[in-house]
Amino acid sequence: MRRKHLARSVVNIVVLLSAALWALPVYWMINSSLQLERNLLNNPPNLVPSPITLDHFRKVLTDATFWQALGMSMSIALILVFTTTVLSLLAALALTRFKFVGRNTMIVAILVIQMIPAEAMFLSQYRMLDGWNLLNSVMGLSLLYIAGLLPFVVWMMRGFVAGVPLELEEAAMVDGCSRFKAMVKVTLPLLAPGLVATSVFSFLHAWNEYALALIVLSRNTSITLPLWLQSFQQGLRGFDWGGAMAGSVLITIPVMILFLLVQHRMTSGFVAGAVKG
């Protein structure tokens, strides 16, 4: 019992140290956003902001460009989450539940597409959107994100669908359900963790992507949040670290809210699906 207690204590200490290590960048971001500009580059650095100032947050919140970038990033993220979740679910069900000509070829094609570097297609993607008059638009960038992310989320969702036994649907069909109703009543609740994982991955991709947005969006009025953070580079005057850290804190708030909501829904969806199964 003593050895077991000692081993558990050691594991707890290691976990706490690891959590503190991962939380350090977040703490430093918040700490820097609350410090005066003249104190940000002190040596040694201030581990606790003193005095505390909210000037950096006021500057960000009164910047009209921030709200434009927030609206564009949120629009793209919502479009990407909805589209990739629905299409990946339908594609995964087709690849897992049905046998048709070319299924194996399609699976191999999905893997091959993921191996193509995204940077290799920047020029062709730019010319394509230019020909369609979709540069500097929400729809244009969303279209590229969907095309680039869909193969990966289809492969990820396919693993979740394959983990749900087909016999559950067949048992529901024996009880009088149609195939569609059996999928909705039995399979779909069990796929809640997969749907949540796909949605979160799609949201984070749209929220944090920088390189492709830099190529497609060239107007100051059409930028996403990662591009907006670049505006704190003040040329020869240096970098506005206080404003950048305050902006970073505000950008991470929607992500934190999403994870808090997702954690509860993932657990409840999984338990509900298990009871129905």
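Of everything in region 184-202, what is closer than 18 Å to Leu150 by Cβ, open to solvent by 20 Å² or more (accessible area, probe 1.4 Å) and either without any contact (Cβ under 8 Å) to a residue 40 or more places away in the chain or of a type outside the set (S, T, N, Q) (or both)? Give them in sequence order.
Quick first cut of region 184-202, residues closer than 18 Å to Leu150 by Cβ only: 191, 194-202.
Narrowing further to those that are open to solvent by 20 Å² or more (accessible area, probe 1.4 Å): 195-197, 199, 201.
Hits for region 184-202 are Leu195, Val196, Ala197, Phe201.
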Considering Ile251, Ile215, Ile223, which residue is among the β-branched types (Val, Ile, Thr), at pLDDT 90 or above and open to solvent by 30 Å² or more (accessible area, probe 1.4 Å)? Ile215
Exactly one of Met74, Met106 is part of a helix (DSSP H, G or I), closer than 29 Å to Leu168 by Cβ and open to solvent by 30 Å² or more (accessible area, probe 1.4 Å), and that residue is Met106
Selection count, region 163-219, where residues are of a type outside the set (S, T, N, Q), under 25 Å from the mean Cα position of the chain (by Cα), assigned to a helix (DSSP H, G or I) and closer than 19 Å to Thr85 by Cα: 16
Given the residues Val138, Val154, which is the only one that is out of contact with any His (no Cβ under 9 Å at 6 or more places or on another chain), under 18 Å from Ser222 (Cβ atoms) and open to solvent by less than 80 Å² (accessible area, probe 1.4 Å)? Val138
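Criterion first (under 18 Å from Leu78 (Cα atoms) and without any contact (Cβ under 8 Å) to a residue 12 or more places away in the chain) does Ala147 satisfy it?
Yes: the conditions hold for Ala147.
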For region 230-243, state whether one or more residues are of a type in the set (A, V, I, L, M), modelled with pLDDT of 85 or more and assigned to a helix (DSSP H, G or I). no
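The values are calculated or read from the model by the stated rules, or taken from the named source; none is laboratory data. Quick caveat, the model's predicted, so the values are computed rather than measured. Ideal geometry is used to build each Cβ from the backbone, glycine not excepted, and the neighbour counts take in all protein chains shown. For accessibility, only protein heavy atoms count, side chains too; no ligands or nucleic acids. Shrake-Rupley method; radii C 1.70, N 1.55, O 1.52, S 1.80 Å.
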